[in-house]
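Presented below is the structure to which this report refers.
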Amino acid sequence: MNYPVIDEHVLGAVEGVWWSRRRSRDDVPALPPGAVYVFRVGGNYRQFPEGMVFDPSHADVIDASSVSLVDTRARLVEVERTLPSVSEADNFTVRASFTCQVTDPTLIARQGVIDVTVALRAYLAGDPDLPRVSAGHRVEEVNAVRREVTHRMTAYSAIVPPRVVGMSVEFVSAEVHASEELRDWEQKLRDERRSQELIRGQRDFETQDAHRIAELLSQGSDYADAFGIARSRIDVAQAAERIHRSADTESARREQAAEADRAHARARETAEAQMRRDVVLQLLRQMGGSDTYVDYHQVLEQVLRDTGGQLGSGGAGPAVAEVESGRGRPGPDDPRGRGAGRDAHDGFLTDEDDLLD
């Protein structure tokens with residue numbers, strides 16, 4: 001870098017008589033902001049008065065053999081030094097920052113300090129103990145090296161302050177960086193970690209969204225429709241039509257279920273009635289084959305009372321008629337047994353209505 005001497009030019013001699021001697025303006029370069037002219041006149045270096053309008057007829061300008069442009073503004077200058085690590089394959093890089101400002105432009109021009117970083121790098125390299133700070137650390141331990149280097153540079157600059165003739169120089173800070181390969185590797189690891197964190201975050205969001213939707217659906221379709229309408233995802237007319245259609249389907253299902261229940265009840269009643277008829281028929285047949293006198297009217301009345309009168313038509317009537325047609329015998333006191341000339345059908349029921357009399 002060109003600091004603090006920005007530029008240097010050799011000036012030729014000015015011809016002419018003394019009262020008309022003037023240097024051409026093109027011989028002297030333009031002065032940038034924050035800089036001053038320093039002319040070499042003979043063996044001396046003289047600064048052109050700062051803030052004064054350039055005068056090509058000024059004695060120093062006419063008699064100068066060269067001119068230097070010196071930057072007098074304060075600058076922050078950074079220099080680097082390589083430090084070793086435990087591994088010979090890896091190094092640390094320390095970057096030290098200094099504030100610099102020209103205090104004597106003529107002295108700077110005389111010394112020809114074109115690049116102040118040369119002097120500062122020499123100062124940084126002049127600390128023999130700085131490499132020992134990092135030599136015991138691996139390149140991955142860069143944070144520990146940063147702390148130790150900062151402490152060392154602070155102490156070193158306090159004991160041996162940096163000096164550049166004609167300038168004020170102060171140590172500001174020191175930064176330590178690892179090698180390019182390590183930085184690339186750490187960047188890859190960082191990017192991979194961020195990618196994995198992003199994937200985990202997306203999965204967590206999906207899981208939370210799934211739980212929220214499941215909870216929403218568990219509260220019923222009406223709540224889900226209302227949520228969809230609030231989010232403008234479902235049309236109100238479509239939701240109403242679907243609700244009516246669902247209500248009609250549910251009503252039809254309930255009607256079918258009720259009809260099925262009624263049919264089942266009727267079938268069960270029919271089966272129970274048939275079972276009761278079969279039981280009475282079986283009972284009457286067994287009684288008809290017995291030698292003991294049986295009052296069938298009394299038995300029938302008892303059975304009707306026990307069954308609630310639900311034997312049904314065609315149940316006990318034929319059985320009683322069958323039994324009375326010859327299988328049952330009347331008792332000795334039965335008036336039906338008196339007289340041989342009685343009709344063959346005397347004493348038997350001829351109609352089911354007679355059974356109920």
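The values are calculated or read from the model by the stated rules, or taken from the named source; none is laboratory data. Model, not experiment: these values are computed from the prediction. Cβ coordinates were reconstructed from backbone atoms using ideal geometry, including for glycine residues, and neighbour counts include every protein chain displayed.
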In this structure, is A64 within 26 Å of T103 (Cβ to Cβ) and either aliphatic (A, V, I, L, M) or surrounded by 15 or more Cβ atoms within 10 Å (Cβ to Cβ) (or both)?
yes
I'd like to verify a number: residues in segment 119-143 that are assigned to a loop (DSSP other than H, G, I, E, B) and closer than 23 Å to S87 by Cβ, how many?
9
Among the residues of segment 117-167 satisfying the criterion of being of a type in the set (S, T, N, Q) and surrounded by 14 or more Cβ atoms within 10 Å (Cβ to Cβ), which is modelled with the lowest pLDDT?
S134
Within segment 162-190, the residues that are among the charged types (D, E, K, R) and more than 20 Å from R81 (Cα to Cα) are D184, E186, K188, R190
Residue check: is V53 of a type in the set (V, I, T), part of a loop (DSSP other than H, G, I, E, B), out of contact with any helix residue (DSSP H, G or I) (no Cβ under 8 Å at 6 or more places or on another chain) and at negative phi?
yes
Do the conditions hold for E170, that is, is it closer than 30 Å to C100 by Cα, touching a residue at least 12 places away in the same chain (Cβ under 8 Å) and either outside the structural domain of T82 (by TED's automatic domain parsing) or not β-branched (V, I, T) (or both)?
yes
